[in-house]
Amino acid sequence: MSIRQLSVFVENRPGHLADALGTLADGDVNVISFTIADTTDYGILRLIVDRTDRAKGLLAAADYAVVENPVVCVQVPDRPGALAGIARVVAESSIDIDYIYLGAHDSLLLKAEEHEKLERLLKSAGFAVLGADDI
């Protein structure tokens with residue numbers, strides 16, 4: 001049930017992020033969730049989109065380096081302590097989380113090598129794990 005995430009490497013210069021996002025917009029691809037991690041020379045734009053294969057093709061054709069990874073999407077209940085509860089469940093497991101970011105519709109996106117194990121863990125703890133059709 002994991003979700004397909006794209007990581008796009010963009011130069012850290014004015015307009016490059018806008019160009020990458022414009023490539024998707026011009027190709028009729030909708031960005032559902034995103035985050036950006038940056039360094040001095042480049043950034044990593046992580047995206048969840050509605051048309052992953054189309055986005056990969058468009059970005060590759062525009063000479064962007066694109067990598068696809070599965071991520072787990074878990075819905076965060078709208079109540080105090082829900083986020084802490086998810087963090088606690090993961091912390092008490094043997095699963096190593098590479099990164100986490102906020103997704104659409106009150107969700108978190110978690111990247112882990114053991115994504116299937118993470119999905120099972122979160123479900124067994126009572127959290128709703130979302131698929132691509134849910135977001």
Worksheet item: Residues Asp98, Asp50: which one is over 22 Å from Asp133 (Cα atoms), open to solvent by 60 Å² or more (accessible area, probe 1.4 Å) and not aliphatic (A, V, I, L, M)?
Response: Asp98
Worksheet item: Got a number for residues in the range 102-124 being part of a loop (DSSP other than H, G, I, E, B) and without any contact (Cβ under 8 Å) to a residue 40 or more places away in the chain?
Response: 4
Item to complete: Identify the single condition in (1) surrounded by 13 or more Cβ atoms within 10 Å (Cβ to Cβ); (2) at pLDDT below 95; (3) of a type in the set (A, V, I, L, M, F, W, C) that Ala91 does not satisfy, given that it satisfies every other one.
Response: (1)
Item to complete: Among the residues of the range 45-59, count how many are under 13 Å from Leu21 (Cα atoms), over 11 Å from the mean Cα position of the chain (by Cα) and of a type outside the set (Lys, Arg).
Response: 3
Worksheet item: Can you name the residue in the range 66-79 that is surrounded by fewer than 13 Cβ atoms within 10 Å (Cβ to Cβ) and at pLDDT below 95 and, of all such residues, is nearest to the chain's Cα centre (by Cα)?
Response: Asp78
Response to the item:
Being surrounded by fewer than 12 Cβ atoms within 10 Å (Cβ to Cβ) and not basic (Lys, Arg) narrows Thr39, Thr23 down to just Thr39
Fill in: Near pairs, Cβ below 7 angstrom, 6+ apart or cross-chain, from the range 61-85 (of a type in the set (Val, Ile, Thr)) to any residue that is outside any loop (DSSP other than H, G, I, E, B) and open to solvent by 50 Å² or more (accessible area, probe 1.4 Å)
Val66/Lys56; Val66/Ala60; Val76/Leu83
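The values are calculated or read from the model by the stated rules, or taken from the named source; none is laboratory data. The model shown is predicted, which means the values in this text are computed figures rather than measured ones. Neighbour counts run over all protein chains shown; Cβ positions are idealised from the backbone, glycine included. When the accessible area is computed, the model is the full protein with side chains, heavy atoms only, and any ligands, DNA or RNA have been set aside. Shrake-Rupley method; radii C 1.70, N 1.55, O 1.52, S 1.80 Å.
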